[in-house]
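First up is the structure itself, then whatever we jot down about it.
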Amino acid sequence: MLALLLALATLTHEHEHMHAAGAAQSIFLQQTSGTSVAPAGEALPMTMFHSGSWNVMLHGIAFLNDTHQSGFRGRDRTFSTNWTMLMAQRSAGRGAIMLRAMLSGEAATIRDRKYPELFQTGETAFGKQIIDGQHPHDFFMELAAEYAHPIGSATGYLYLAPVGDPALGPVAYPHRESAMEIPQAVLSHHFQDSTHISYNVVTAGVALRAVRIEASAFHGGEPDENRWNIDGGRINSASGRLTFTPISDLVAQVSFGYLTKPEKLEPGDAKRTTASVSYAEGPLAITAVWGRAYKESHDQTLESYLAESSLHLGRSWIAARFEDVQKDELFQHVHTSPVIVFPRFPVPVFRVKAATLGYTFDFLVRGSARYGIGANYTLYRFPEILKVFYGERPRARMLYIRTRWGV
Amino acid sequence: MRHLLTLISFALAATAFADHIPIDVSLQMSGPAMAPAGSDITYTITLTTLFPGAAYAVTDTLPANARFASAGAPLWNCLQSRGKVTCGNERLSGGSSNIQVVVTAPDTPQVITNTAHVDSVSVFDPYPANNDDSANTLIYDPAICGANSIKALVPPPHGTAAAPHVTFQWSAVARAIRYEFYAGQGSAMLTLVALTAETQIVRDFVPGEVQWYVVAILPDCPPVATAPQTVLVQAQLPRGRAARH
């Protein structure tokens, strides 16, 4: 009888462990990059399999793009944007552990350390600030481990990443379902979600029902031009994020970050504030983001707004994006300064609006992969004074072949 | 000493880190004061900046009723749209840079105004008050104004006159509002000596050679001038000696 009771107690304890571990593992389910939360309705395609006690998931996306841009600053280029993610998770005692690696081959598939994108700015190429171009992502986009553990009715989690995504901003655009059928970067990237590749990230958070509160410490410098290594760097920046999920298909977040010297060619620190709402249900995914960046070097605050959506109907994908962003780096710096020079003066800022409409058709669905062909077209509105630099009506069109794997 | 060091360090910082200090740019516009109706008029916009490398956009609001003909300058990219010419330069070298804008004048007499403005688009401009300038041009009818002429009458060309009171006379010009009398003696430059509404004037000169000319100022035509004249002013002999001779 005693043996039977002991066996029953052990089984009950294990069941509780499994239940607790399941609750802990559910923390990972909606995380797509770092600890940022995507709506549960986002049908991110993933290949899942088991390896021992590990649940392994794989997915990724790659575009072969051909862009043609008109106007004085327009450029044509063929290049590939791509990334893939491998994630494994298992229970660990009453908690759960998750390992994630996200890799990109863009350093090899994008020439000249950038691809052309009108009005896009941020980071450097060959020692100069990138203007009208987007930098490739680092080979190591994320290498992270996360442990989640029940704390009463809540779940606490700790995220450690030599390369990772701190608790700042919405789900980064490469990983948002609403953005995934538009291969080019968002113009607001460096106001909203550019910290998705940061170094030495430590995030601790608590999730209780519909609310998650988390804080991060990390190195605030943007990646350098060597896209193949892990830059590292002293932990010198911090952020915090409050995420609210009133229903599983709707996620809202507000976040704030203090970034120590984020830019290579710009002295001073930056503050970033973001708020976003994402909704995904069935074939529809919608995201709206507001991002504000304060730059200490010029004592200036810049605003950005983004709205985007994707609609998946059978083999068709319709994607749209609208942005309204203030740009302060559309011209090369005269000289760079390693320190802030006082008194500080504002630099000219230009408000740029861009609207993109795209369509992708999946011409082949085979095994765990989807192959599509698509195009998108972008219109711009900008201050009159920039017409002499950009032309009267610059346009950008993108033709692409896309594959998603892990269906 | 401490103030001197502060000044030196600020100057060094200003030189080395120009992106983080203001760079003043100034604009000046020049053009003809008068031009015949229907003719091409060239305006020159001059930008001056101390530091090289900054980007600028110049907007020239063309005169109403004038037609755009051309615009440009080396290293400047210019666009014309809806009565405005915009020129951009992404890395202006230090010193001065000129942009020439050519318009075709209207066909009827009037005063036209050309206005230009410069925007610093890459660095802060601390003194925007010197970023604007304009030029007025009187457009005249060459058929009307071409008939205007003025001739020197007295003293006759290469004639003589007795010192000291010399009388100068010229022909009247219809609708002239005034005459400007310019004169100089010896090697002196000719200067404005008098303004008059009459067609003659008396001025005192010592013996010697005198150069002179007259300009007639008209309300809606270019000024017309006599050809430069020379008169030899001679000493007047005493009346008694003259009688003995």
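The values are calculated or read from the model by the stated rules, or taken from the named source; none is laboratory data. Since the model is a prediction, treat every value here as computed from it, not as a measurement. Glycine also receives a Cβ, built like all others from the backbone with ideal geometry; neighbour counts cover every protein chain displayed.
Of note, B:Ala73 does not satisfy the criterion of being at the interface with another protein chain (Cβ under 7 Å from one of its Cβ atoms) and surrounded by 15 or more Cβ atoms within 10 Å (Cβ to Cβ). Restricting the first member to region B:55-66 and to residues that are under 21 Å from B:Asp107 (Cβ atoms), and the second to residues that are of a type in the set (D, E, K, R), the beta-carbon pairs closer than 7 Å and six or more apart or on different chains are B:Thr61/B:Lys84; B:Leu62/B:Lys84.
Which of the residues spanning region B:40-54 are more than 17 Å from B:Asp132 (Cα to Cα), part of a strand (DSSP E or B) and within 11 Å of chain A (Cβ to nearest Cβ)? Quick ask: steps written out before the conclusion?
Within region B:40-54, the first condition is being more than 17 Å from B:Asp132 (Cα to Cα), and the residues that meet it are B:40-42, B:50-54.
Remaining after also requiring part of a strand (DSSP E or B): B:40-42, B:54.
Once the filter is applied, which keeps residues that are more than 17 Å from B:Asp132 (Cα to Cα), part of a strand (DSSP E or B) and within 11 Å of chain A (Cβ to nearest Cβ), region B:40-54 yields only B:Ala54.
Among the candidates B:Asp133, B:Asp220, the residue that is in the same structural domain as B:Pro63 (by TED's automatic domain parsing), in contact with a Leu (Cβ under 8 Å, 6 or more places away or on another chain) and under 28 Å from B:Ala37 (Cα atoms) is uniquely B:Asp133. Kindly indicate the residue of region B:127-138 that is assigned to a strand (DSSP E or B) and modelled with pLDDT of 95 or more and also farthest from the chain's Cα centre (by Cα) among those meeting that condition. Filtering region B:127-138 for residues that are assigned to a strand (DSSP E or B) and modelled with pLDDT of 95 or more, the one farthest from the chain's Cα centre (by Cα) comes out as B:Asp132. Residue pairs whose Cβ atoms lie under 7 Å apart, separated by 6 or more positions or on different chains, with the first residue in region A:358-369 and farther than 21 Å from A:Ser178 by Cα and the second exposed (fewer than 15 other Cβ atoms within 10 Å of the Cβ), do not occur.
Answer yes if at least one residue in region A:387-399 is β-branched (Val, Ile, Thr) and within 28 Å of A:Gln300 (Cα to Cα), and no otherwise. Step through it out loud before you land on a result.
Filtering region A:387-399 down to residues β-branched (Val, Ile, Thr) leaves A:388.
Narrowing the set further to residues that are within 28 Å of A:Gln300 (Cα to Cα) leaves A:388.
Yes, that holds for at least one residue.
Among the residues of region A:230-251, those identified as crowded, with 18+ Cβ neighbours inside 10 Å and under 14 Å from A:Gly169 (Cα atoms) are A:Ala238, A:Ser239, A:Gly240, A:Arg241, A:Thr243, A:Val251.
When B:Phe124 is tested against (1) within 14 Å of chain A (Cβ to nearest Cβ); (2) under 25 Å from B:Pro32 (Cβ atoms); (3) in a loop (DSSP other than H, G, I, E, B), just one condition goes unmet, and that condition is (2).
Being touching a residue at least 24 places away in the same chain (Cβ under 8 Å), part of a loop (DSSP other than H, G, I, E, B) and crowded, with 17+ Cβ neighbours inside 10 Å: is that true of A:Arg90 here?
The answer is no for A:Arg90.
The rows are residues; the columns are (1) without any contact (Cβ under 8 Å) to a residue 60 or more places away in the chain; (2) farther than 21 Å from A:Tyr371 by Cβ.
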{"site": "A:Thr32", "(1), (2)": "no, yes"}
{"site": "A:Ala40", "(1), (2)": "no, yes"}
{"site": "A:Met46", "(1), (2)": "no, no"}
{"site": "A:Ser51", "(1), (2)": "yes, yes"}
{"site": "A:His59", "(1), (2)": "no, no"}
{"site": "A:Thr67", "(1), (2)": "no, no"}
{"site": "A:Gly74", "(1), (2)": "no, yes"}
{"site": "A:Phe79", "(1), (2)": "yes, no"}
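Across region B:92-108, the number of residues qualifying as modelled with pLDDT of 90 or more and either within 14 Å of chain A (Cβ to nearest Cβ) or crowded, with 22+ Cβ neighbours inside 10 Å (or both) comes to 5.
Here are some residues: A:Val365, A:Val339. Which one is of a type in the set (Val, Ile, Thr), surrounded by fewer than 17 Cβ atoms within 10 Å (Cβ to Cβ) and in contact with a Pro (Cβ under 7 Å, 6 or more places away or on another chain)? Walk me through how you get there before you give the answer.
Numbers: A:Val365 fails: in contact with a Pro (Cβ under 7 Å, 6 or more places away or on another chain).
Exactly one residue qualifies, and that residue is A:Val339.
In this structure, does B:Val118 turn out to be surrounded by fewer than 20 Cβ atoms within 10 Å (Cβ to Cβ) and of a type outside the set (Lys, Arg)? Judged against the criteria, B:Val118 is not a match. The number of residues in region A:93-113 that are of a type in the set (Val, Ile, Thr) and not in a loop (DSSP other than H, G, I, E, B) comes to 2. The strands (runs of 3 or more DSSP E) falling completely within region B:148-218 that include 2 or more residues that are touching a Phe, Trp or Tyr at 6+ places or on another chain (Cβ under 8 Å) map to B:152-154, B:165-170, B:178-185, B:191-196, B:200-204, B:208-217. Annotation: of all residues in region A:136-148 being in contact with a Gly (Cβ under 8 Å, 6 or more places away or on another chain) and surrounded by fewer than 22 Cβ atoms within 10 Å (Cβ to Cβ), the one that is nearest to A:Ser198 (Cα to Cα) is A:Leu143. Just one residue in the set B:Ala174, B:Ala152 is in the same structural domain as B:Pro222 (by TED's automatic domain parsing), within 27 Å of the chain's Cα centre (by Cα) and without any contact (Cβ under 8 Å) to a residue 60 or more places away in the chain; that residue is B:Ala174.
Those residues that are farther than 28 Å from A:His149 by Cβ and among the hydroxyl-bearing types (Ser, Thr, Tyr), I need them from region A:188-208; list them, please. Within region A:188-208, A:Ser188, A:Ser194 qualify. Restricting attention to region A:370-407, the residues being more than 14 Å from chain B (Cβ to nearest Cβ) and either over 15 Å from A:Lys353 (Cβ atoms) or touching a Ser or Thr at 6+ places or on another chain (Cβ under 9 Å) (or both) number 23.
For region A:276-369, which fully contained strands (runs of 3 or more DSSP E) count at least 2 residues that are in contact with a helix residue (DSSP H, G or I) (Cβ under 8 Å, 6 or more places away or on another chain) and more than 10 Å from every other protein chain (Cβ to nearest Cβ)?
Qualifying strands (runs of 3 or more DSSP E): A:284-295, A:300-313, A:316-327.
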